[in-house]
Amino acid sequence: MTEMTLIQAITAAMDEELARDERVFITGEDVGVRGGVFRATMGLIEKYGPQRVVDSPLAELSIVGIGIGAAVVGLRPICEIQFADYIFPAFNQIVGEAARFYYRSNGVWHVPLVIRAPYGGGVGGGLYHSQSVEAFFAHVPGLKVVIPSTPHDAKGLLKAAVRDPNPVLFFEAKKGYRSIRGDVPDGEYLVPIGPARIAREGDDLTVYAYGMMAHYATIAADMVREQDGIHAEVVDLRTLLPLDRETVLASYRKTGKALIVYEDNLTGGFGAEIAALLAEHAFEHMDGPIRRLAGPDVPGVPFAHSMQEFFMPNPEKIAHAIRDLAAY
Amino acid sequence: MTTAAETRSYAAQLTRDTLIEMYRFMVVSRRLDERAWALHRQGKIAFHISAIGHEACQVAAAYAINRGVDYVFPYYRDLTLALALGSAPQDFLLGAFGKATDPYSGGRQMPSHFSSRALNIVSGSSSVATQIPHAAGAAFAIKYRLQRGLQAPDDATQPRLALTCIGEGSTSQGEWYEAMNWAGVHRLPFICLVQNNYYAISVPYDQQSALPNVADRAPAFGVHGVVFDGNDVLASYDALRAAVERAYRGEGATLAEAKTYRPVPHSSDDDDRSYRTREEVEEWKRKDPILRFGSTLMERGLLRQDDLNAIDAQARAEVDAALRDTLAAPDPAPEDALGAVYATEDTP
Ligand SMILES: Cc1ncc(C[n+]2csc(CCOP(=O)(O)OP(=O)(O)O)c2C)c(N)n1
Ligand SMILES: [Mg+2]
């Protein structure tokens, strides 16, 4: 085991996949000598050369579009979108093209493509460096959407994404890049895309979360266990699409209470899907309101610290919501 | 920008058999296309979008590349191109009828969304220009494989370029600009064949661009530009073969513009009387690419009028047979709609 930060685990995964498979290459803005603006590709151009770590033009739709074309004819691209906020110019290529290629060719052409993007707020990034965009893509069959919350999972899931025959969106909590640390096994391992992870066991209620909010939810669960004796189970979804419905439902059938935490805007966010799933398939286990703790419905995370902190869920707010729901 | 006079006469090197084969594909395409219009009028198919008028530049493109090996990313008007690459008339009809055995999409896509893994024709969507970045990506993959020693430079069994086609109106899309830019930056083995028929549905070309030619934009991308008469098979072949040679030699991408015309409505849902005069359409019908190529072949003493008639009769018989077989093919089961959402295996 080696202790790593979230971003170190991501770099290590790409390093290993580049070494393993000659068909893997990376492209995106500043991924070359700069090593990425967050340094996720640091050291890779030195090791693998500019043919395999390719600085792209500053044009997201073509970063993805080129990736799709290269993927369908046999390469294994990892495309970096510098911030998830800038993925929208590529929306048509992701949603209209990558997601539909396999279906529209009746299983003849597949798109083994990874799109990595740092997402999320709490970093002073304002409206355009803070967005959570997962709900747009988790709506689209044909895509896979992965959001890890630990270095262990980030490395294993990213390696699995590179080997997956489908387009995988891999969203990385930028707030956790350096603040989330954890043990990573030394040898080769994969974490399968799909299964959720029980991050904390408990039987009083279930907290559903992913990415940065899963990290915060475990902190909050530990707080309320120690301070209030509340045993909150934390389900770290890890993969939003395809969703691990069994684990989601099984936990709820045990606890009968659900708090869903996400840092996207509340309305139409991914938490709504979890809530619908529970209401539809586990109604008879319901022992309280299904609650969502999320960002307010405003068009972005504001820049000023006071407003940003107001927007963002955090361990204290989650602990508060847990206590509230446990008392119901 | 290259003028026709500057290109070597590659067309002069085409053999009699090849010229006749090209002519045959044009005629089969035309007869099949006309049959599709008729089937639509009879209410037997829901939609048709036509290659009529575009046959010359399309057959030339197929013969300029390594047919069935080089990657092709077509658009909906590329019936002649698809046929000349090796897709059968029945493949098109199975798609037009949305049959379960439609090889392009299993009845999922609208007609004329050509696709064949065996022929390296890559599936496209209906959203115009989306295929251009894919073609540039495939060209990028070729260059990558050559640079990494994963493919030998002169191996003609492997794709050595990516060809993509698009209408002139669709070159207004950002997708086109970004892909052309990649092709220039990386000097990709890439050809974008713009079939400029002067209209995007009803909108004339001068509302798409302030420049007289689409290919005038080539210098902005650092790619080669060429404009040619897209209704002339030999002129089209000369220009496109020169582009292919450049791509194979590693000299980068070409923006090739065929000037042509669509003498029929945009699609079976269009009425072109609302936006252009009958006189204009009649004038272009006199420049019909099949009439022209037929005359050329006769002038050169390669074919006589009765040979042309025989080719025509053969084409009609071929279309009749393909239609008979298509009508006998099964429809998809309703729940086939649920299949093939995610790939489970990673084939290379
Ligand atoms: C992104 C997008 N916008 C609009 C359409 C509807 N549409 C289909 S074809 C077409 C005109 C295309 O004209 P052009 O590119 O000149 O090609 P042509 O059909 O003339 O060969 C339009 C507007 C579409 N398919 N995709
Ligand atoms: Mg047009």
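Structure above, values below:
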{"read-out": "Probe 1.4 Å, accessible area per residue of the protein assembly as shown, Å²", "value": "37 Å²"}
{"read-out": "GNM flexibility winner over chain B from B:45, B:65, B:142 (Cα, springs under 10 Å)", "value": "B:45"}
{"read-out": "Angle between chain A longest axis and helix A:245-255 axis [Cα atoms, degrees, rounded to 10]", "value": "20 degrees"}
{"read-out": "Accessible area of the range A:2-184 belonging to carbon and sulfur atoms, whole % at 1.4 Å probe", "value": "56 percent"}
{"read-out": "Threshold 50 Å² - residues in the range B:330-348 whose accessible area is reduced by that much or more when the chain is no longer isolated, probe 1.4 Å", "value": "B:340, B:341, B:342, B:343, B:346"}
{"read-out": "Cα gyration tensor shape of the protein assembly as shown, rounded if a/c is under 1.5, else prolate or oblate by comparing a/b with b/c", "value": "prolate"}
{"read-out": "Three-way shape label, the range A:186-328, alpha-carbon gyration tensor, a/c 1.5", "value": "rounded"}
{"read-out": "Rounded to the nearest 10 Å², the accessible area of residue A:312 at probe 1.4 Å", "value": "10 Å²"}
{"read-out": "Solvent exposure, largest accessible area first (probe 1.4 Å, DNA, RNA and ligands not counted), of B:342, A:128, B:275", "value": "A:128, B:342, B:275"}
{"read-out": "Förster radius 30 Å - calculated FRET efficiency between residue B:150 and residue A:281, Cβ distance, rounded to 0.05", "value": "0.05"}
{"read-out": "Accessible-area order (highest first, 1.4 angstrom probe) of the listed residues A:170, A:283", "value": "A:283, A:170"}
{"read-out": "CD proxy at 222 nm, helix term only [per DSSP H run n ≥ 4: -39500 (n - 2.57); per residue of chain B; nearest 500]", "value": "-13000 deg cm²/dmol"}
{"read-out": "Other protein chain Cβ atoms within 10 Å, averaged over every residue that makes up A:72-82", "value": "4"}
{"read-out": "Lysine pair count for the range B:2-327 [Cα-Cα under 29 Å; pairs on different chains or 8 or more apart]", "value": "4"}
{"read-out": "Area of residue B:49 that stays accessible when all protein chains are in place (1.4 Å probe, Å², to 10)", "value": "10 Å²"}
{"read-out": "Proximal aspartates and glutamates relative to residue A:317, as straight alpha-carbon distance under 14 Å, when same-chain residues fewer than 8 apart are discounted", "value": "A:222, A:263, A:309"}
{"read-out": "Folded to 0 to 90 degrees: helix A:270-281 orientation relative to chain A principal axis, Cα", "value": "60 degrees"}
{"read-out": "Environment charge at residue B:163 (Cβ cut-off 13 Å; Lys +1, Arg +1, Asp -1, Glu -1)", "value": "+2"}
{"read-out": "Value of relative contact order over the range A:197-326, rounded to a whole percent, pairs C-alpha under 8 Å and six or more apart", "value": "30 percent"}
{"read-out": "Within a Gaussian network of chain B (alpha carbon springs, distance under 10 Å), most fluctuating of B:156, B:218, B:36", "value": "B:156"}
{"read-out": "Cα centroid of the range A:253-310 to Cα centroid of the range B:20-49, whole Å", "value": "55 Å"}
{"read-out": "Separation of the residue A:198 and residue A:16 label points, Cα + 7 Å toward Cβ, nm", "value": "2.6 nm"}
{"read-out": "Within-13-Å neighbourhood charge of residue B:176 [Cβ basis; K, R +1; D, E -1]", "value": "-3"}
{"read-out": "Choice from A:212, A:14, A:307 with maximal GNM fluctuation in chain A (Cα, 10 Å cutoff)", "value": "A:307"}
{"read-out": "Three-way shape label, the range B:189-343, alpha-carbon gyration tensor, a/c 1.5", "value": "rounded"}
{"read-out": "Shielding by partners, peptide A:95-105 (average Cβ within 10 angstrom, other chains)", "value": "6"}
{"read-out": "Within the accessible area of chain B (1.4 Å probe), percent carbon and sulfur", "value": "51 percent"}
{"read-out": "Average beta-carbon neighbours from other chains, 10 Å sphere, peptide B:167-174", "value": "1"}
{"read-out": "Residue order for A:254, A:144 - accessible surface, 1.4 angstrom probe, largest first", "value": "A:254, A:144"}
{"read-out": "Local electrostatic count at residue B:101 - Lys and Arg +1, Asp and Glu -1, tallied over other residues with Cβ under 11 Å", "value": "-3"}
{"read-out": "Cα-based helix-to-principal-axis angle, A:212-228 vs chain A, degrees rounded to 10", "value": "30 degrees"}
{"read-out": "Amide proton proximity set for residue B:116, modelled H, under 5 Å, gap of 5+", "value": "B:121, B:122, B:123"}
{"read-out": "In the range A:1-64, the GluC sites (Glu not before Pro) that fall in loop regions by DSSP, at most 16 other Cβ within 10 Å", "value": "A:22"}
{"read-out": "Pairwise centroid distance, computed over Cα atoms, of the range B:100-127 with the range B:51-79, Å", "value": "15 Å"}
{"read-out": "Buried area at the A-B interface (accessible, heavy atoms, 1.4 Å probe, summed, Å²)", "value": "4000 Å²"}
{"read-out": "Under the span-like rule (Cα at least 18 Å along the axis, Kyte-Doolittle mean at least -1.0), DSSP H helices of chain B", "value": "B:16-41, B:131-147, B:233-248, B:305-327"}
{"read-out": "Lysine pairs meeting the criterion (Cα under 20 Å, 8 or more apart or interchain), as found in the range A:2-184", "value": "8"}
{"read-out": "Relative contact order for chain B, counting Cα pairs under 8 Å that sit 6 or more residues apart, in percent", "value": "23 percent"}
{"read-out": "With DNA, RNA and ligands ignored, accessible area of residue B:287 (1.4 Å probe; Å², nearest 10)", "value": "70 Å²"}
{"read-out": "Positive dipole terminus of the range A:2-184, leading residue within A:51, A:145, A:83 (C-beta point charges)", "value": "A:145"}
{"read-out": "Computed label-point distance, nm, for sites residue B:298 and residue B:280 using a 7 Å Cα→Cβ extension", "value": "3.0 nm"}
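The values are calculated or read from the model by the stated rules, or taken from the named source; none is laboratory data. The structure presented is a predicted model; accordingly, all values stated were derived computationally and were not measured. All Cβ positions, even for glycine, are placed from backbone atoms using ideal geometry, and neighbour counts span all protein chains on display. With ligands, DNA and RNA removed, areas are computed over all heavy atoms of the protein, side chains included. Shrake-Rupley method; radii C 1.70, N 1.55, O 1.52, S 1.80 Å.
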